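Taking it in order: structure first as structure tokens, then the write-up.
The values are calculated or read from the model by the stated rules, or taken from the named source; none is laboratory data. As the structure is a prediction and not an experimental result, all values here were calculated from the model. Ideal geometry is used to build each Cβ from the backbone, glycine not excepted, and the neighbour counts take in all protein chains shown. The protein model used for the area step is the full one, side chains on, heavy atoms only, and it has no ligands, DNA or RNA in it. Shrake-Rupley method; radii C 1.70, N 1.55, O 1.52, S 1.80 Å.
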Amino acid sequence: PDIAAHTAIAQSADLTLPNDITLGTYYVWIIVDNVSVSTLNQSSRTDDVARSSALTVARPNLVPQNVTLNTHQARRNDQITVSWTMSNTGDADCPPSQTGLHIGTSATVPPTGDALNLRLATPAIPAKSSTNQTSNITIPGGLALGTYYLWVVADDVPASTLKQSSKADDAARSQALAVVAVIVRPNLIPQNVA
């Protein structure tokens with residue numbers, strides 16, 4: 001708008017950062033009379049720019065850690081307990097998210113479309129913080145006997161809105177779990193008692 005001599009006006013604008021912006025420190029610059037051919041006839045143009053204070057662009061980064069099971073063997077339809085720590089190693093707070101639990105035979109690649117395929121709510125996690133989670137799961141009844149791993153996958157949704165700094169570290173697995181027909185337990189018998 002028009003500005004009278006020796007006066008000022010306050011202005012503001014909402015800015016949306018691009019989704020693919022690189023993490024780092026930025027400044028917002030204000031440039032007045034920002035046209036290729038000015039008609040204002042200012043007395044000086046050397047003071048037409050000013051910048052904001054530093055703006056740090058940071059993102060969360062969810063990393064599941066310490067995935068443990070309460071047993072190393074189970075039968076089909078048995079209930080077992082899985083525990084893990086969900087860490088936010090990023091420099092920004094992470095809003096609530098969904099964590100996937102999957103069961104598969106690979107010790108190196110998390111399964112997709114597996115027989116378990118559960119989603120659990122994960123609360124918001126501040127930057128550089130973590131939360132401990134536990135879930136009771138039932139071993140699928142149609143699972144073949146054999147060795148399996150329970151995978152915990154962070155932000156396990158088709159279209160994520162978390163904008164994590166990395167998704168390469170979103171999955172971690174438990175120790176091996178033997179799905180067996182019969183649970184084998186040790187049986188200690190004292191002998192040769194004199």
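Both numbers refer to the Cα atoms of the range 49-163; Rg and Dmax are 17.5, 70 Å. Surface analysis of the range 42-83 yields an accessible area of 59 Å² per residue, using protein heavy atoms and a 1.4 Å probe. Between Ser166 and Ala58, the contour length at 0.36 nm per residue exceeds the alpha carbon distance by 37.7 nm. Close amide H partners of Tyr26, meaning residues 5 or more places away or on another chain with modelled amide H under 5 Å apart, are Leu55, Thr56, Val57. Between Thr108, Pro126, Ser166, the Cα set farthest toward the positive side of the dipole of the range 94-170 (charges on each charged residue's Cβ, about the Cα centre) is that of Pro126.
Roughly speaking, to the nearest percent, how much of the chain's 1.4 Å accessible area is carbon and sulfur? Exposed carbon and sulfur together represent 52 percent of the surface. These residues, Thr134, Thr85, go from largest to smallest accessible area, 1.4 Å probe, as Thr134, Thr85. Among beta bridges identified by DSSP and lying wholly in the chain, the antiparallel ones come to about 95 percent.
Couplings for the range 68-79, taken from phi via the Karplus curve 6.51 cos²θ - 1.76 cosθ + 1.60 with θ = phi - 60°, read 10, 10, 7, 8, 10, 8, 7, 9, 4, 6, 6, 9 Hz in order; Gly and Pro are left as x.
If you place +1 on the Cβ of every Lys and Arg and -1 on the Cβ of every Asp and Glu, how big does the dipole about the Cα centre of the chain come out, in debye to the nearest 20?
960 debye
With a cut-off of 8 Å between alpha carbons and a minimum separation of six or more residues, what is the relative contact order of the range 1-69 in percent?
On the way: 40 pairs, mean separation 25.1, N = 69.
Value for the range 1-69: 36 percent.
Residues whose amide H comes within less than 5 Å of that of Asp78, counting only those at least five positions distant or on another chain, are Ile139 (H built at 1.01 Å from N in the peptide plane).
The mean sequence separation of alpha-carbon pairs under 8 Å and at least six residues apart, normalised by the residue count of the range 1-120, gives a relative contact order of 18 percent. Distance between the pseudo-spin-label points of Ala144 and Ser43 (7 Å out from Cα toward the beta carbon): 8.6 nm.
Distance from the alpha carbon centroid of the range 141-173 to that of the range 3-23 works out to 41 angstrom.
What the phi angles of the range 135-146 give under the Karplus curve with 6.51, -1.76 and 1.60, with θ = phi - 60°, is a coupling list of 9, 8, 10, 9, 5, x, x, x, 5, 5, 5, x Hz, glycine and proline written as x. With all protein chains in place and ligands, DNA and RNA left out, the 1.4 Å accessible area ranks Asp78, Asp20 as Asp20, Asp78, largest first.
Here the chain has an Rg and Dmax of 28.2, 112 Å, counting Cα atoms alone. In order along the range 47-52, the Karplus-derived 3J(HN,Hα) couplings, from 6.51 cos²θ - 1.76 cosθ + 1.60 at θ = phi - 60°, round to 10, 7, 10, 8, 10, 7 Hz, and Gly and Pro are given as x. Residues within the reach of a label modelled at His6 (point 7 angstrom out along Cα to beta-carbon, backbone nitrogen below 12 Å), restricted to the range 36-56: there are none.
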